[in-house]
Amino acid sequence: MNLILFGPPGCGKGTQAKKLVDGRGMVQLSTGDMLRAAIAAKSALGQKVEPIMARGDLVPDEIVIALIEERMPEAEAAGGAIFDGFPRTVAQAEALDAMLAGRGKKIDRVVRLLVDEPELLARVTGRFEQQGRPDDNPETFVTRLAAYNKQTAPLLPYYGSTGKVREVNGMGTMDSVAADIAAALDEVEA
Ligand code: AMP
């Protein structure tokens, strides 16, 4: 099963991905986590992406595509992956489709988490206060949301035509959202 968790910053993609890892033994591929690890390791890649992420802009497609490609064998061995925060542009979606097709695989389900903007801001502000992630500050959040609306939301028609998208109300409790996601996945597996 290859799943894309889709939605704006703060909609709960990471939280729900971790629940699926624990509950179903799926592998989470979060490009945001990979990039933060590169920054923490002070690698050349980390130094390149740090200012871009601090501004709230998207990093270049080729960087995140290469990160995902590196992890493909691990995902394949696990029987599929949860793509969290990737793809974020049409070019990334096309590259992902090509990578999977090259392995005889495909995206099985896209779950779109719906959360309204005031709730997103409240969540990201709360996370900023608790975890201090620099790009969660309210000013940068505005840029991240604009990047989502301009560059990532256009992916919806890309996937919409495939019939793979399911919308889940992301405003409920963590467990009710997880239950709705599980239903959308069980439908694929049935
Ligand atoms: P996230 O943890 O998914 O919210 O990502 C944090 C930041 O990492 C984003 O604001 C971007 O700067 C960068 N990033 C993560 N994933 C991608 C991606 N697929 N394409 C471009 N930039 C990304």
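Structure summary
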item: Mean accessible surface per residue for the range 47-190, computed with a 1.4 Å probe while every protein chain stays in place, in Å²; result: 51 Å²
item: Carbon/sulfur fraction of accessible area - the chain, other protein chains in place, 1.4 Å, %; result: 55 percent
item: Label-point separation, ALA179 to GLU167 (7 Å along Cα→Cβ), nm; result: 2.1 nm
item: Extension gain from ALA91 to ALA122, taking 0.36 nm per residue of separation minus the Cα-Cα distance; result: 8.1 nm
item: Whole-number percent relative contact order across the range 2-178, with pairs defined as alpha carbons under 8 Å at least 6 apart; result: 34 percent
item: Local net charge near ASP61, Cβ-Cβ under 13 Å (Lys/Arg +1, Asp/Glu -1); result: -3
item: Global geometry of the range 2-178, whether rounded, prolate or oblate, following the gyration tensor of its Cα atoms and the 1.5 cut on a/c; result: rounded
item: Stretch in the chain that is longest and holds no trypsin sites (Lys or Arg not before Pro) that DSSP places in a loop and that have at most 15 other beta carbons within 10 Å; result: 107-190
item: Global form of the range 139-190, assessed from the alpha-carbon gyration tensor, a/c cut-off 1.5; result: oblate
item: For the range 54-139, convex hull volume per residue from C-alpha positions, Å³; result: 128 Å³
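The values are calculated or read from the model by the stated rules, or taken from the named source; none is laboratory data. Owing to the predicted nature of the structure, the values given are computational and were not obtained by experimental measurement. So basically every Cβ, Gly included, is an ideal-geometry build from the backbone, and we count neighbours across all protein chains shown. For the accessible areas, the whole protein counts, side chains as well, though only heavy atoms, and no ligand, DNA or RNA atoms are used. Shrake-Rupley method; radii C 1.70, N 1.55, O 1.52, S 1.80 Å.
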